[in-house]
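These notes are about the structure you will find just below.
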Amino acid sequence: MAIVYRSVKGSNLTPTEVDDNFHDVDDRITDIEDNPPLPVSVANITQSGNQLYIYLTDATVHGPFEMPTVAMDFRGPWTPSTAYYENDLVTRGRDGFYLVLYNHISDTEFDEEELNESDQLVYQQVLGPLGLSAPVEEIGDATFVPTLGAANVYHRMTTECEVTIPTNISVAFEVSTEMHFRQCTSGTVSFIPEDETVTINYREGYDSICDGQGAVVTFKKVDTNEWDAFGAFALLVST
């Protein structure tokens, strides 16, 4: 029904006309409450490369918006006294991946809470720790000096070999690093410290060589220049 206006009618409204006016307005409000108009909202968002598009429910398209991108440089295992730059990515054994937040020269020992001169963290862990099994690497040389890449690796020694356990100055293995060695040859696989500063703790009464083909031994770093050695080592030969 139509609303009756007094100015249009030219006289006072009757009680019924007043009620009808209120009823008409009430019906209109009730209809809006029961059937509210749908707002324009986001229907979909798509990305193509670094371009972002936003699609609305009324078919309007906003974009493309250029999204910022960060170029990360994977530097491999962390090493001491090395120049690292913002957005470099380094690994720390099974601890995971770390993002370099600020340019700096790395210290002699890795510290994930290392601060720069402005008291800002220089590393942020972005993935880890990694629950991965030790990777396998075959060693077929007569001598072997482990590098940082040998940390937490299972080495299969395919020929007679003398393994040198390096000093912390030569190779800054992190404390808790493990190295595993399996003798896959009939030749001797032996272990020596790089110099007198390296301590290797063998089980009393056992020698620093594998106990024959098939023997597996492990070295675990427990301090700066100290390793615990355990596994199938040969018995010391009495003289």
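Of note:
- Candidates Phe181, Phe173: the one that is under 25 Å from Thr158 (Cα atoms), in contact with a Lys or Arg (Cβ under 9 Å, 6 or more places away or on another chain), modelled with pLDDT under 95 and of a type in the set (A, V, I, L, M, F, W, C) is Phe173.
- Assessment of segment 99-111 against the conditions (closer than 28 Å to Phe181 by Cβ and of a type outside the set (Asp, Glu)) yields at least one matching residue.
- Residue in segment 146-155 that is in contact with a Lys or Arg (Cβ under 8 Å, 6 or more places away or on another chain), modelled with pLDDT of 90 or more and surrounded by 13 or more Cβ atoms within 10 Å (Cβ to Cβ) present: yes
- Selection within segment 1-24 - aromatic (Phe, Trp, Tyr) and not in a helix (DSSP H, G or I): Tyr5
- Cβ-Cβ distances below 6 Å connect no pair with a first residue in segment 203-218 that is free of Cβ contacts under 8 Å to residues at least 12 places away in the same chain, a second residue that is surrounded by 17 or more Cβ atoms within 10 Å (Cβ to Cβ) and assigned to a loop (DSSP other than H, G, I, E, B), and a separation of six or more residues or different chains.
- Counting only strands (runs of 3 or more DSSP E) that fall entirely inside segment 151-239 and contain at least 1 residues that are under 27 Å from Trp78 (Cα atoms), the qualifying elements are 153-157, 161-165, 178-183, 189-193, 199-201, 216-223, 226-231.
- When segment 175-215 is filtered for residues that are under 17 Å from Val136 (Cβ atoms) and exposed (fewer than 15 other Cβ atoms within 10 Å of the Cβ), only Gly214 remains.
- Whether a residue is over 26 Å from Ser81 (Cα atoms) and not basic (Lys, Arg) was assessed, and Gly205 passes this test.
- Hey, Glu117 acidic (Asp, Glu) and exposed (fewer than 12 other Cβ atoms within 10 Å of the Cβ) or not: yes
- For segment 41-85, taking the residues that are in contact with a helix residue (DSSP H, G or I) (Cβ under 9 Å, 6 or more places away or on another chain) and of a type outside the set (Ser, Thr, Tyr), the one that is surrounded by the fewest Cβ atoms within 10 Å (Cβ to Cβ) is identified as Gly76.
- Failed criterion for Gln47 (all others in (1) more than 30 Å from Ala150 (Cβ to Cβ); (2) at pLDDT 90 or above hold): (2)
- Looking only at segment 219-232, residues that are more than 11 Å from Val175 (Cα to Cα) and touching an Asp or Glu at 6+ places or on another chain (Cβ under 6 Å) come to 1 in all.
- Subset of segment 148-192 (residues that are in contact (Cβ under 8 Å) with a residue 40 or more places away in the chain, in contact with a helix residue (DSSP H, G or I) (Cβ under 9 Å, 6 or more places away or on another chain) and among the β-branched types (Val, Ile, Thr)): Thr177
The values are calculated or read from the model by the stated rules, or taken from the named source; none is laboratory data. Given the structure is predicted, the values throughout are model-derived calculations rather than measurements. Please note: Cβ atoms are built from the backbone with ideal geometry, for glycine as well, and neighbour counts cover all protein chains shown.
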